[in-house]
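For reference, the structure is listed below as structure tokens.
Bear in mind these aren't lab numbers, they're just calculated from the coordinates by the rules spelled out. Fair warning: this is a prediction, and the values are worked out from it, not measured in the lab. Positions of Cβ are generated from backbone atoms using ideal geometry, with glycine treated the same way; all protein chains shown enter the neighbour counts.
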Amino acid sequence: MAVYLATSQPVPTKDRSPLSIEPTAPESAARLRQHFTLEHLYYVASHEGCGCGFITDQDQGTDEDCADRAASLSALHELVHETALLTPGAQLLVCFDGEEETAPEHSRTLEDPDQLRVRWGDRILYSVLVRR
């Protein structure tokens, strides 16, 4: 799974353990641009190094695996909340790696980043607008 974040202002890519945030590579950005209205694109990875660690509907694994996924998802919620407060909103695309050009099956606008969910097989575009 892959999670891409779009913002209107640059996002610091400092260490946000358990997340890693990096600007989207130019070749990927060209494929992704069609889905976003915001300028700056980032690839956001969980503790697993991809978007799979954000998936909350997996009952597999040890208690430690579940705790790691919960920590990654919580950090993603925090990142999106901070970003949406600092810039006029944020957008996230959740898809399988390699399906970046495929149109999202769903789009959803959220006012609370804690409503953001990543499920296996999702291809969804979230727009997050946090009220100040």
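Structure above, values below:
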item: Modelled FRET efficiency - R0 25 Å, residue 78 with residue 20, Cβ distances, 0.05 increments; result: 0.95
item: Gain upon complete extension [residue 27, residue 86; 0.36 nm per residue less C-alpha separation]; result: 18.5 nm
item: Total formal charge among the other residues, if their Cβ is under 12 angstrom from that of residue 33, Lys/Arg +1 and Asp/Glu -1; result: -3
item: Least to most buried among 63, 122, 114 (fewest other Cβ within 10 Å first); result: 63, 114, 122
item: P(r) weight above 23 Å for the chain, C-alpha pairs, percent; result: 25
item: Around residue 5: net Lys/Arg minus Asp/Glu count, Cβ-Cβ under 13 Å; result: -3
item: Mean ellipticity per residue at 222 nm, deg cm²/dmol - from DSSP H runs of n ≥ 4 across the chain, formula -39500 (n - 2.57); result: -7500 deg cm²/dmol
item: Per-residue Cβ neighbour rank within 10 angstrom, fewest leading, 36, 54, 96; result: 96, 36, 54
item: Beta bridges per DSSP with both ends in the range 2-128, % antiparallel, nearest 5; result: 75
